[in-house]
Each structure stands twice: as C-alpha cells, then as structure tokens.
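The values are calculated or read from the model by the stated rules, or taken from the named source; none is laboratory data. No experiment lies behind these values; they were computed from the predicted model shown. Note: ideal-geometry Cβ built from the backbone for every residue, glycine included; neighbour counts use all protein chains shown.
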Ligand code: BEZ
Ligand code: FE
C-alpha cells in the first residue's frame, strides 16, 4: 500500500482542488467537510483501490441503504460493529465522572411506550426461561439524592434472542415499558432473564463481520433510557455476569461497571442496581 504521507505526484493536487472547491462554509460544517475530504483522500491514497474494489465499496453502501427502513437501521449497525458508536459515546460523555456509565442505544429502541405501574411485568405473553425482578433507585448529585418522577424506559429481547420489532410472532410492545420512579426514587419491574443474541447478520453488516472474521453476538443485556428534568439523560445497558460474549461484544458496548450478577432469592432471580444521573449542563 502507498504511504499516505507521500505527497508527490499529481494526486495531492486533486485533494487541494477538492478543498479549494468548498464554498464559503463557516464554522463547524466547514471544518467537518474539510476534515472529511482530507481523511477520505488519505484513506484512498493509502489503500490504492482498484476500480473494481471501489465499485464493490459503492455497491456495499448502496445495499446498506436499500435494506434500511423504519425497522432496520443498517447504517447504525455498521457504526456499531466498527466501534464508531462507542467512540462517539465516549467523546460525548467525557466529563461524567459520577454518573452511571453510558453505552450504545442500538437500533431497537421503538419510541415511547405506555407507563406501567411500579412492580409491573414487561411481558405481554408468558415466556419460557427464568423470571427476573429488577429494582433499585434513580439518584442524582453523586448518588446521594433520590430522584422522584424520573422516566425509566426499558427494552430487551425475548428468550428467542429477538426484539418484538424483529419478530412478528411477539405482541407489539412485548418486553418494553416505561416506569416512573416513586417518591423515594425507586423503580421495580418483572421481566425475563435476558439472553445473548446475534445482531442482524443477514445483510451488509453481517457480510462485513464475516470479512473481518468476527462473530455477530452481543452478551445478554437490558436497555435503559432514563430522563428527569434538570438531569442529563442516560442511555445505558446492564449486562449479565458470566455471559460468554462479555469480552467480545460485536458492538463494543460492555463496560465493567455495567455488569451485574443476578441473585437467586426465594427461587427468583433478582438484580438490584442504582442509576446515578449527572446534572444537566
Ligand atoms: C442492541 O443492543 O440492541 C444492539 C446494539 C447495537 C447493534 C445491534 C443491537
Ligand atoms: Fe440489545
């Protein structure tokens, strides 16, 4: 491969030309377009694709767009499996030393769900596998003050490894719900013990994973999106200890502070976890 730092010959003139052709764009958009063109040209100079390889790349992106719709977010999957989603997450949460750590939203958030009462079940039909009770507090100010009235949105897959939006056999809204923390900042709900599952790998993201010789699995987890007036919204997941994919999550989403171990109490699996929110900037 060519050395991208080698700026001899006619090729650098193409870069200068492309940069000079940018209109009078100020501020952030101008800086982003300059950087995008410079990095893209540098990548192409380093790789020196054949015309056939470049067409393969264009067709790959075309297929990524064609397979995407309201239920299938293939570009999010590409961003996730290349580690870019977690990089954007890290860049945007640098200062939150005290809050619960964040992780990827993923493509299966399905919008606002009905509010369920404290202690309710997320299941809209019975499921095989273990029941799980999740409970804890929502707190602010370095974990000291309970936040009442926080909105806790929760979603996860069924024991078959699919979200309701991927699986026509599941009732809409199955294993999703919204809770409001009570006067003491408490939340509690019943769900099914989550399982590890494959992200959709029957499209371009799956093809790319195969090219990279990587598996498509995510460790078992439950998603949370928590918001409260005056606090920074928190998008995170809790992972089940002992899962075989914790160290090789297909989307790099695992952080040690988010791994929880269910405890068997009176025959029921239970997880207790307190979430801490940072004040809004
Ligand atoms: C998820 O956890 O729902 C997810 C995250 C990234 C890619 C695919 C799925
Ligand atoms: Fe998930």
_Being crowded, with 21+ Cβ neighbours inside 10 Å and either within 12 Å of ligand 1 (Cβ to nearest atom) or closer than 24 Å to residue 101 by Cβ (or both) narrows it down to one residue among 245, 187; which is it?_
187
*When you scan the range 172-255 for strands (runs of 3 or more DSSP E) that lie fully inside it, which ones turn up with 3 or more residues that are away from ligand 2 (no atom under 14 Å from the Cβ)?*
176-180, 186-192
*Hey, can you tell me all the residues within the range 148-184 that are surrounded by fewer than 22 Cβ atoms within 10 Å (Cβ to Cβ) and touching a helix residue (DSSP H, G or I) at 6+ places or on another chain (Cβ under 9 Å)?*
170, 171, 172, 173
*Looking at (1) in contact with a helix residue (DSSP H, G or I) (Cβ under 8 Å, 6 or more places away or on another chain); (2) within 16 Å of ligand 2 (Cβ to nearest atom), which is the only condition residue 89 fails?*
(1)
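A quick yes/no check of all residues on (1) at negative phi; (2) more than 17 Å from the chain's Cα centre (by Cα); (3) outside the structural domain of residue 16 (by TED's automatic domain parsing):
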residue: 58; (1), (2), (3): yes, yes, yes
residue: 64; (1), (2), (3): yes, yes, yes
residue: 83; (1), (2), (3): no, no, yes
residue: 101; (1), (2), (3): yes, no, yes
residue: 111; (1), (2), (3): no, no, yes
residue: 139; (1), (2), (3): yes, yes, yes
